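The values are calculated or read from the model by the stated rules, or taken from the named source; none is laboratory data. Quick caveat: nothing in here was measured; it's all calculated off a predicted structure. Quick reminder, even Gly has a Cβ in these numbers, built from the backbone with ideal geometry, and neighbours come from all protein chains shown. Each accessible area value is taken on the protein alone, full model and side chains, heavy atoms only, with ligands, DNA and RNA left out. Shrake-Rupley method; radii C 1.70, N 1.55, O 1.52, S 1.80 Å.
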Amino acid sequence: MSTRTVRDVYVVDAVRTPIGKFGGALAGVRPDDLAAHVVRALVDRTPALDPARIDDVVFGDANGAGEDNRDVARMAVLLAGLPVTVPGVTVNRLCGSGLEAVVQAARAIALGDASVALAGGVESMSRAPWVVEKPGRAFPAAHQQLWSTTLGWRMTNPRMPGQWTGSLGEGAELVADKHGITREAQDAFALESHRRAAAAWAAGAYDAEVVPYAGVDLVRDESVREGSTPEALARLKPAFRTDGTGTVTAGNSSPLNDGAAALLLTDEAGLAATGREPLARISASAVTGIEPQLFGLGPVEAVGRALDKAGRSLGDLAAFELNEAFAAQALGCLAAWPELDPAVVNPRGGALAIGHPLGASGARLAGSVAHQLAAAGSGTGMAALCIGVGQGIALVLER
């Protein structure tokens, strides 16, 4: 019987690209190149670490239907110029993919299967291709349907109940219905997300983690609207319900985006090899399921389970990065946590302003929490996301 002990897992560094708009500044960059960029940046920022010591590279990627096919993590390793002996694996938990990558890499280190690992995520929603189903017989004469792989359901299995396969926006409307969240509350939440993100950029809060892509004129998140006003948001029409009952608009929903993020994780021996002080330590994680149409509330149970594992409570949190897929979804989760101090939630802005490049977002959140804890000098932090098709994922970090 094995007598291995569980090892501590440290976040040594975390980087991300600026997040680009759909069709914006990063639209000309392949997703495998975006992934390679953050991998290379982590290695370059830790010159004492021999890249050959990296035991694995784990990346999240939600779509994977285009240039990010055939294991984008391994492609990133090769494109970044790491030794060919460094392996890579790609994981998919939809919007939670980047955080799932962090969890899986941390688990390997905790169990002694790795000492040094890179974990992150990538998505180019701009470059997601259209796909067509393979016909049942050769050379069909009829027109064939193209499906966009940018976001949401496609080629849905007809055996799936209809209430499970609605749009993500309709799911946000259902959360708004369930919790009585008004259009005005959603718009105000979105406006505050943009205000916080703009203020964070102006204060240099993201300077330690954002690594611009060479040759692209983008040094900050492209979707942040500093001049947004309540009046401008109020003029937007509901995007998903057009029968007069809709409250979810383009202004209180996260945009479509491009970007990548990655973290350097180690055990004690790996940490010594880096010659660096860690940003934070990974304490616990959890994943849970929920009715698919209520996917937006997925973080509620996941956060509770992760805190229980860590022996912490909501009141202990000094930093909480909650992915803002929709304002209604985020507000629905916050309604379940009355004891949580709202000031610690997304203090530097959230996905409504920064953006939500699906497979990268979880790694962005984890990295942001680690940097916030390092800046504070101590504390407990949380990163959590809702996940399409009804899941939630959460990660606890400490310093």
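Does residue 117 fit the bill of being crowded, with 24+ Cβ neighbours inside 10 Å, within 21 Å of residue 8 (Cα to Cα) and modelled with pLDDT of 95 or more? It is true that residue 117 is crowded, with 24+ Cβ neighbours inside 10 Å, within 21 Å of residue 8 (Cα to Cα) and modelled with pLDDT of 95 or more. Here 89, 12 are screened, and the one residue that is among the hydrophobic types (A, V, I, L, M, F, W, C), touching a residue at least 60 places away in the same chain (Cβ under 8 Å) and not in a loop (DSSP other than H, G, I, E, B) is 12.
Filter segment 11-41 down to the residues that are at negative phi, out of contact with any helix residue (DSSP H, G or I) (no Cβ under 7 Å at 6 or more places or on another chain) and open to solvent by 30 Å² or more (accessible area, probe 1.4 Å) and list them by number. Residues satisfying the conditions are 21, 22, 25, 28, 30, 37, 40.
Taking first residues from segment 140-169 that are within 20 Å of residue 126 (Cα to Cα) and part of a helix (DSSP H, G or I) and partners that are modelled with pLDDT of 95 or more and among the polar types (S, T, N, Q), the Cβ contacts under 7 Å between residues at least 6 apart in sequence or on separate chains come to 169/253. Identify, please: which residue in segment 74-88 is small (Gly, Ala, Ser) and buried (at least 18 other Cβ atoms within 10 Å of the Cβ) and is, among those, farthest from the chain's Cα centre (by Cα)? So the residue we want is 80.
Quick grid of which residues meet (1) within 20 Å of residue 38 (Cβ to Cβ); (2) touching a Pro at 6+ places or on another chain (Cβ under 8 Å); (3) in a helix (DSSP H, G or I):
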{"site": "195", "(1), (2), (3)": "no, no, yes"}
{"site": "198", "(1), (2), (3)": "no, no, yes"}
{"site": "205", "(1), (2), (3)": "yes, no, no"}
{"site": "212", "(1), (2), (3)": "yes, yes, no"}
{"site": "220", "(1), (2), (3)": "yes, yes, no"}
{"site": "223", "(1), (2), (3)": "yes, yes, no"}
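No other residue among 71, 8, 44, 55 is open to solvent by 40 Å² or more (accessible area, probe 1.4 Å), modelled with pLDDT of 95 or more and touching a helix residue (DSSP H, G or I) at 6+ places or on another chain (Cβ under 7 Å) apart from 8.
When 211, 175 are screened for being at pLDDT 95 or above, of a type in the set (A, V, I, L, M, F, W, C), in contact with a His (Cβ under 9 Å, 6 or more places away or on another chain) and within 21 Å of residue 355 (Cβ to Cβ), only 211 passes. So in segment 247-274, with the set limited to residues that are among the acidic types (Asp, Glu) and outside any strand (DSSP E or B), which one is least open to solvent (accessible area, probe 1.4 Å)? So, considering only residues that are among the acidic types (Asp, Glu) and outside any strand (DSSP E or B), the one least open to solvent (accessible area, probe 1.4 Å) is 267. Any idea which of 281, 276 is farther than 30 Å from residue 181 by Cα and either in contact with an Asp or Glu (Cβ under 6 Å, 6 or more places away or on another chain) or aromatic (Phe, Trp, Tyr) (or both)? Residue meeting the stated conditions: 281.
Pairs linking a residue in segment 221-246 that is over 24 Å from residue 259 (Cβ atoms) and open to solvent by 80 Å² or more (accessible area, probe 1.4 Å) to a residue that is assigned to a loop (DSSP other than H, G, I, E, B) and of a type outside the set (Asp, Glu), with Cβ atoms under 7 Å and 6 or more positions apart or on different chains, are 240/167; 240/246; 240/248. With the requirement that a residue be closer than 23 Å to residue 304 by Cα and among the β-branched types (Val, Ile, Thr), what does segment 347-399 give you? Listed by number, the residues that qualify are 369, 380, 387, 389, 393, 396.
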